[in-house]
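Some notes on the structure that comes next.
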Amino acid sequence: MPGSSRGARLVATLASALLLFTTAAACGSDDDSDSDSAGADRSASADSAFPVTLAHKYGSTTVESEPKRIVTVGLTDQDPVLALGKVPVGTTEWLGGYKGAIGPWATGKLGGAKAPTVLKDTGTGPQTEKIAALRPDLILAVYGGLTKEQYTTLSKFAPVVAQPKEFNDFGVPWQRQTEIIGKALGQESEAKELVEGVESEFATAAKDNPEFAGSTGVMATPYEGIFVFGSQDPRSRILTDLGFELPKDLDKVIGDEFGANISKERTDLLNTDAAVWIVSDRKKNEPELHKNALYGDLDVVKEGREVFVEESGDYGNSISFVSVLSLPYMLERLVPQLAAAVDGDAATKVADPAS
């Protein structure tokens, strides 16, 4: 999430999240579990799924029985929970300032349930006392960056499922996130079905737009210069899942991070078939970017292959959220823009979505 001032807020938020998630801590133990409003049949089946054990960055956690009071510390973990028919008692606010930290793509999953208590990001890590006051029986921190100390601290209150060790912090793919959370809730097969459903939407979009295959694409934001997202960032995976290829030297420049600012000499990384800019204000940011001769003189600009997404709206939030619930909402808006960008006609305008 970066962009400009709000884009700045986005990158800053993630970067800050990385920092934040380096202070308190949770130790842990448990694994799989189901939530609570799911009906007798689902409950029975969930009970039979326990205990389950989940491996993560700090070892493994065992969930002994179906969780009833789930707190999500991971920035987007509430969406898989909601998609699986459960409502967390606490969520962590990241983007949008939505009630209960539930985006418009997910509000229908609340049903008549009370919106979760929102935990604020104070810059010092998870709000330990407020989390404890919610009396959780499961804490999810899958899309996050908990430190060992934070994991240990939080584990005093409930089993904690931290980020998987095989990915960078804040780098877990939405598929794995959904599957991990599904297992923790005792709904492993249901989670796989959800993943397959969204993957089929990506496959359909790619099939309907064969020009995506082999085209190059990149996601960036004008934060402290130019900030580019690497291959392990969920936003970049949106492009690759649609068939795009990322710039060849991208990860070499980014290093072992979700993204990084690039030097003026590497502005060539943006000369792709489609450059997706996450910005705070297109009217302001677009001309500012084009004033930079190193970028403004690239073919991607001259041939109208830029896609601008204002991060302050629901669409912009959905493109950064990258969850099992936000992705279908996002695809409806992004795919037509990408198609316009790569159609080979410089006269084609990349229009903003109607809503």
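Worth pointing out:
- Scanning segment 217-243 for residues that are in contact (Cβ under 8 Å) with a residue 40 or more places away in the chain, more than 15 Å from the chain's Cα centre (by Cα), crowded, with 20+ Cβ neighbours inside 10 Å and farther than 14 Å from Trp277 by Cβ gives a single hit, Leu242.
- In segment 236-258, the residues that are closer than 15 Å to Val172 by Cβ and modelled with pLDDT of 95 or more: Ile238, Asp241
- Taken over segment 289-304, residues that are under 14 Å from Ala340 (Cα atoms) and not hydrophobic (A, V, I, L, M, F, W, C) amount to 2.
- Residue within segment 207-214 that is in contact with a strand residue (DSSP E or B) (Cβ under 8 Å, 6 or more places away or on another chain) and outside the structural domain of Leu84 (by TED's automatic domain parsing) present: yes
- Hits in segment 320-330 (condition: at pLDDT 95 or above and buried (at least 21 other Cβ atoms within 10 Å of the Cβ)): Ser323, Val324, Leu325, Ser326, Leu327, Met330
- Which numbered condition Gly259 fails, given (1) surrounded by fewer than 22 Cβ atoms within 10 Å (Cβ to Cβ); (2) under 16 Å from the mean Cα position of the chain (by Cα): (1)
- Residues in segment 105-148 that are under 15 Å from Leu325 (Cβ atoms), surrounded by fewer than 16 Cβ atoms within 10 Å (Cβ to Cβ) and of a type outside the set (S, T, N, Q): Gly108, Leu110, Gly111.
- Among the residues listed as Glu201, Glu193, Glu211, Glu149, the single one being touching a helix residue (DSSP H, G or I) at 6+ places or on another chain (Cβ under 6 Å), modelled with pLDDT of 95 or more and assigned to a helix (DSSP H, G or I): Glu201
- Within segment 151-171, residues that are in the same structural domain as Thr128 (by TED's automatic domain parsing) and under 27 Å from Phe229 (Cβ atoms) have Cβ atoms under 8 Å from residues that are among the polar types (S, T, N, Q) and not in a loop (DSSP other than H, G, I, E, B) in these pairs: Val161/Thr61; Ala162/Thr61, counting only partners at least 6 apart in sequence or on another chain.
The values are calculated or read from the model by the stated rules, or taken from the named source; none is laboratory data. Owing to the predicted nature of the structure, the values given are computational and were not obtained by experimental measurement. Glycine also receives a Cβ, built like all others from the backbone with ideal geometry; neighbour counts cover every protein chain displayed.
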